[in-house]
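Asker: Okay, here's the structure, questions in a sec.
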Amino acid sequence: MELLDVIGVFAFALSGGLVGVRRHFDIFGILTLAVVTALGGGIVRDLLLGITPPRNITNLPLVVLALGAGLFTFFFEGTVERLRRLVLVADAVGLAAFCVTGTLTAINAGHPGMEAILVGVITAAGGGAIRDVLAGQVPSVFSPELYALPALLGSVLVDVTQRLGLGGPLTQWLLVALVCALRIAAVKFNWKSPTPRRPERE
């Protein structure tokens, strides 16, 4: 799963940096959003599991990768915009990878079941939520867009397959593919989660 972690960190850092560019942040703000988006979910995961210091802070290559992606966004913003679809796909891969690895980390730390599922979702969507708050916008996880729900499904399936003794590497990669495909399909077909119906004004 290390390759997927790298892909996810790079993709999330690009998306975070791009938000900073669109909000007209300076280079410090752009790099902050890039790093927070890429590493924030994993940091929260480790703190919840009592892993200190968080591995995303002590893993220098991941920090450098996130900073590098942020710098790329700063200097080549136009290129990133043109590759937005590719970034979206990579972001979906990152979401899927982090929900799987986050859930597995919790299970391996002795927290299966609901705890592992919650940690998996937080790992996948937490960095983006922190990014949105810092950027002054509504977090994607609270919008009707299907973002956290695919991660929730993936985390549940990881926990179930582990309990059934079917959680080998092949199953993990298949679950990554499933969550990734669901996220991409949600964007392509504009799938939304249910929201309350507002009464019509007279």
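Table: residues versus (1) crowded, with 17+ Cβ neighbours inside 10 Å; (2) within 28 Å of Asp26 (Cβ to Cβ).
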position: Glu115; (1), (2): yes, no
position: Gly126; (1), (2): yes, yes
position: Leu134; (1), (2): yes, yes
position: Glu145; (1), (2): no, no
position: Ala148; (1), (2): yes, no
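Asker: Give me a count of the residues in region 40-73 that are among the hydrophobic types (A, V, I, L, M, F, W, C) and either out of contact with any helix residue (DSSP H, G or I) (no Cβ under 8 Å at 6 or more places or on another chain) or under 16 Å from Leu104 (Cα atoms) (or both).
Answerer: Selection size over region 40-73: 8.
Asker: Within region 72-102, work out how many residues are over 18 Å from Leu149 (Cβ atoms), among the β-branched types (Val, Ile, Thr) and in contact (Cβ under 8 Å) with a residue 24 or more places away in the chain.
Answerer: Of the residues in region 72-102, 5 are over 18 Å from Leu149 (Cβ atoms), among the β-branched types (Val, Ile, Thr) and in contact (Cβ under 8 Å) with a residue 24 or more places away in the chain.
Each row is one residue, and each column tells you yes or no for (1) touching a helix residue (DSSP H, G or I) at 6+ places or on another chain (Cβ under 8 Å); (2) over 21 Å from Val6 (Cβ atoms).
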position: Gly110; (1), (2): no, yes
position: Glu115; (1), (2): yes, yes
position: Ser143; (1), (2): no, yes
position: Val158; (1), (2): yes, no
position: Leu166; (1), (2): no, yes
position: Leu170; (1), (2): no, no
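Asker: What single numbered condition from (1) buried (at least 20 other Cβ atoms within 10 Å of the Cβ); (2) more than 18 Å from Ser140 (Cα to Cα); (3) of a type in the set (A, V, I, L, M) fails to hold for Val6?
Answerer: Condition not satisfied by Val6: (1).
Asker: Restricting attention to region 1-45, which residues are among the polar types (S, T, N, Q) and either closer than 14 Å to Asp91 by Cβ or not in a helix (DSSP H, G or I) (or both)?
Answerer: Correct list: Ser15, Thr37.
Asker: Count, please, the residues in region 21-52 that happen to be at pLDDT 90 or above and either over 22 Å from Ala97 (Cβ atoms) or β-branched (Val, Ile, Thr) (or both). It would help to see each step written out before you state the result.
Answerer: Step one: of region 21-52, the residues at pLDDT 90 or above are 25-51.
After this cut, where a residue has to be either over 22 Å from Ala97 (Cβ atoms) or β-branched (Val, Ile, Thr) (or both) as well, the list is 25-32, 35-37, 43-44, 50-51.
So the count comes out to 15.
Asker: With more than 16 Å from the chain's Cα centre (by Cα), of a type in the set (Asp, Glu) and either at pLDDT 95 or above or within 28 Å of Leu33 (Cβ to Cβ) (or both) as the only criterion, which of Asp132, Asp159 stands out?
Answerer: Asp159
Asker: Another one. Read through the list (1) aromatic (Phe, Trp, Tyr); (2) in contact (Cβ under 8 Å) with a residue 60 or more places away in the chain; (3) farther than 19 Å from Val141 by Cα, then give the number of the only condition that Phe12 fails.
Answerer: For Phe12, the failing item is (3).
Asker: Say we look at region 141-156 and pick out the residues that are hydroxyl-bearing (Ser, Thr, Tyr) and touching a Leu at 6+ places or on another chain (Cβ under 9 Å); which of these is modelled with the highest pLDDT?
Answerer: If we take residues in region 141-156 being hydroxyl-bearing (Ser, Thr, Tyr) and touching a Leu at 6+ places or on another chain (Cβ under 9 Å), then Ser155 is modelled with the highest pLDDT.
Asker: Right, here's the next one. In region 167-195, which residues are surrounded by fewer than 15 Cβ atoms within 10 Å (Cβ to Cβ) and either part of a helix (DSSP H, G or I) or within 15 Å of the chain's Cα centre (by Cα) (or both)?
Answerer: Of everything in region 167-195, those that are surrounded by fewer than 15 Cβ atoms within 10 Å (Cβ to Cβ) and either part of a helix (DSSP H, G or I) or within 15 Å of the chain's Cα centre (by Cα) (or both) turn out to be Pro169, Leu170, Leu174, Ala177, Ala181, Ala185, Lys188.
Asker: Which residue out of Asp46, Asp26, Asp5 is within 22 Å of Pro169 (Cβ to Cβ) and either aliphatic (A, V, I, L, M) or out of contact with any His (no Cβ under 6 Å at 6 or more places or on another chain) (or both)? Even if it seems obvious, please write down each step before you answer.
Answerer: Numbers: Asp46 fails: within 22 Å of Pro169 (Cβ to Cβ); Asp26 fails: within 22 Å of Pro169 (Cβ to Cβ).
Selected residue: Asp5, the only one of Asp46, Asp26, Asp5 that is within 22 Å of Pro169 (Cβ to Cβ) and either aliphatic (A, V, I, L, M) or out of contact with any His (no Cβ under 6 Å at 6 or more places or on another chain) (or both).
Asker: Does Ile57 satisfy the criteria of being touching a Pro at 6+ places or on another chain (Cβ under 7 Å) and part of a helix (DSSP H, G or I)?
Answerer: Spelling it out, it is not the case that Ile57 is touching a Pro at 6+ places or on another chain (Cβ under 7 Å) and part of a helix (DSSP H, G or I).
The values are calculated or read from the model by the stated rules, or taken from the named source; none is laboratory data. These numbers were taken from a predicted model, which means no experiment stands behind them. Neighbour counts run over all protein chains shown; Cβ positions are idealised from the backbone, glycine included.
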